[in-house]
Amino acid sequence: MDGISFEQDRKLDVIAIGRIGIDFFPNEYNCPLEETKTFTKSVGGSPANIAVATSRYGMKTGFIGRVADDAFGRFAIKYLQEKNINTEGLIVDRCDNKMGLAYVEIVSPKESNIIMYRADAVDLKLTMEDISEDYIKNSKVLVVSGTALAASPSREAVFLAMKLARKHNTKVFFDIDYRPYTWKSEEETGLYYSLAAEKCDVIIGTREEFDMLEKIDLPDNKDDKISANHWFSYNAKIVIVKHGKDGSIAYLKNGEEKQGEVFPVKPLKTQGAGDSYAGGVISSLIKGKSITEAMKYGAGAAAIVVTNNSCSDAMPTEEEITDFIKNYVKEH
């Protein structure tokens, strides 16, 4: 199975940990945010989006995180439950911390932006006490998103979760997910990213995100293969480097390299592509697909999501991805 295998006697297939917030997508396209009058809300944040993506794919999915003790927190819990996501690992914060909010601006087919509100965001208040060893040991995979490492106490909680995952052979997937506005410096980012990556079985990110990950270890490196070999010297078994419209490359610890397909489409916005890609790759690998097939399904999922006005709401099923790929091949 391309160098990675999963424990089969687990109640859950995937647990994602970290950022969960509220996204507001505009109902009016191709205009600046100041002219947008109405929005549709959904749950967002990279690990929450990946959780929805894997659940839609048919994976038994759980989530570890903190939500606010208010209407937005209640909305987030209900939303995940409606997406068939186990919420035993969700903690309701009683300290009046608020959910992070993200407003999406779709200016044109080539320009979309996000305005983030994350002052004292509740997802970064996750504590070590919130982490259940039993919950983690009953999952095949733990998905860690880099944003959760940006501040304490969330940082320590995530490191504990990874340590427990390794203890119980729960495979750890690291979605680098670099968001500069959450970090104090690039050096701090590089330090905590690298400490996390050392503990992971699969690392996924863009070339630019790997540059940030390797800020201390390999500060001048731009070579994907050198990056992969560096992380193979720790625990990584698969390293996937994404190159946008040029597709992705997967490096396997046995020395193989696999080029990922790409499905160019006319996007409505760019948000959600990375999360849907990760969800497709993770789910496909758990189902026993090869890394080449997994990357194809990830790319198909990303192409579907960027043509829709949502992230989590737009996550496709395995059947929808299969149909998209078949029809895309016919059309092109």
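Label 7 Å along Cα→Cβ of Ser152; the range 106-120 residues with amide nitrogen under 19 Å? Label zone hits: 120. Round to the nearest 0.05 the FRET efficiency obtained for Ile216 and Glu28 when R0 = 30 Å and r is the Cβ-Cβ distance. The calculated FRET efficiency here is 0.10. The aspartates and glutamates whose alpha-carbon is closer than 13 Å to the alpha-carbon of Lys289, local same-chain residues fewer than 8 away aside, are Asp2, Glu318. Dipole check for the chain: with +1 at the C-beta of Lys and Arg, -1 at the C-beta of Asp and Glu, and the Cα centre as origin, the magnitude is about 600 Debye. Across the range 22-27, rounded Karplus estimates of 3J(HN,Hα) from the backbone phi angles (6.51 cos²θ - 1.76 cosθ + 1.60, θ = phi - 60°) give 10, 9, 10, 9, x, 7 Hz, Gly and Pro being marked x.
Which links in Lys140/Lys167; Lys163/Lys242; Lys110/Lys296; Lys137/Lys163; Lys60/Lys269 stretch past 21 Å when you go from one Cα to the other? Pairs exceeding 21 Å: Lys163/Lys242; Lys110/Lys296; Lys60/Lys269.
Relative contact order for the chain: what is it in percent, counting Cα pairs under 8 Å that are at least 6 residues apart? RCO, the chain: 18 percent.
Of the labelled figures (i) 20.2, 67; (ii) 18.4, 55; (iii) 19.7, 59, only one reflects Rg and Dmax of the Cα atoms in Å as derived from the coordinates, namely (ii). Got a sec? Charge dipole of the range 4-53, +1 on Cβ for Lys and Arg, -1 for Asp and Glu; which of Val14, Tyr29, Ile4 is way out at the positive end? Checked the options; the winner is Val14. A Gaussian network model of the chain, with springs between Cα atoms under 10 Å, assigns the largest mean-square fluctuation among Val67, Val104, Val143 to Val104. Computed from backbone phi with θ = phi - 60° and the Karplus coefficients 6.51, -1.76 and 1.60, the 3J(HN,Hα) list for the range 220-233 is 10, 7, 10, 9, 4, 5, 5, 4, 4, 5, 4, 6, 5, 6 Hz; x is used for glycine and proline.
Carbon-plus-sulfur fraction of the accessible area of the chain, 1.4 Å probe, in percent? Carbon-and-sulfur percentage of accessible area, whole number: 50. Working note: 222 nm ellipticity from helices only, DSSP H runs with n ≥ 4, each -39,500 (n - 2.57), summed and divided by the residues of the chain, gives -10500 deg cm²/dmol to the nearest 500.
Using a cutoff of 8 angstrom between alpha carbon atoms and counting only pairs six or more residues apart, the relative contact order for the range 91-163 works out to 28 percent. Can you grab the distance from the C-alpha centre of the range 188-221 to the C-alpha centre of the range 1-71, Å, no decimals? The two parts, judged by their Cα centres, are 23 Å apart.
Computed extension gain for Ile115 through Leu195, at 0.36 nm per residue and net of the alpha carbon distance, reaches 25.9 nm. Accessible surface calculations at 1.4 Å, restricted to protein heavy atoms, place the chain at 41 Å² per residue.
With a Förster radius of 41 Å applied to the beta-carbon distance between Lys184 and Val107, the computed FRET efficiency rounds to 0.85.
Among Ile91, Ile136, Ile115, the residue with the largest mean-square fluctuation in a Gaussian network model of the chain, with springs joining Cα atoms closer than 10 Å, is Ile115. First measure r as the distance between the Cβ atoms of Glu82 and Lys11, then evaluate 1/(1 + (r/R0)^6) with R0 = 25 Å and state the FRET efficiency to the nearest 0.05. For Glu82 and Lys11, the calculated efficiency is 0.80.
The length gained on full extension between Lys225 and Asp96, counted as 0.36 nm times the residue separation minus their Cα-Cα distance, comes to 41.8 nm.
Remark: the range 242-332 carries a charge dipole of roughly 180 debye about the Cα centre, counting +1 on each Lys and Arg Cβ and -1 on each Asp and Glu Cβ.
The values are calculated or read from the model by the stated rules, or taken from the named source; none is laboratory data. Note that the structure is predicted; figures quoted are calculated from it, not measured. With ideal geometry, Cβ positions are generated from the backbone for all residues, glycine too; neighbour counts draw on all protein chains shown. Side chains included, ligands, DNA and RNA excluded: accessible areas come from the protein's heavy atoms. Shrake-Rupley method; radii C 1.70, N 1.55, O 1.52, S 1.80 Å.
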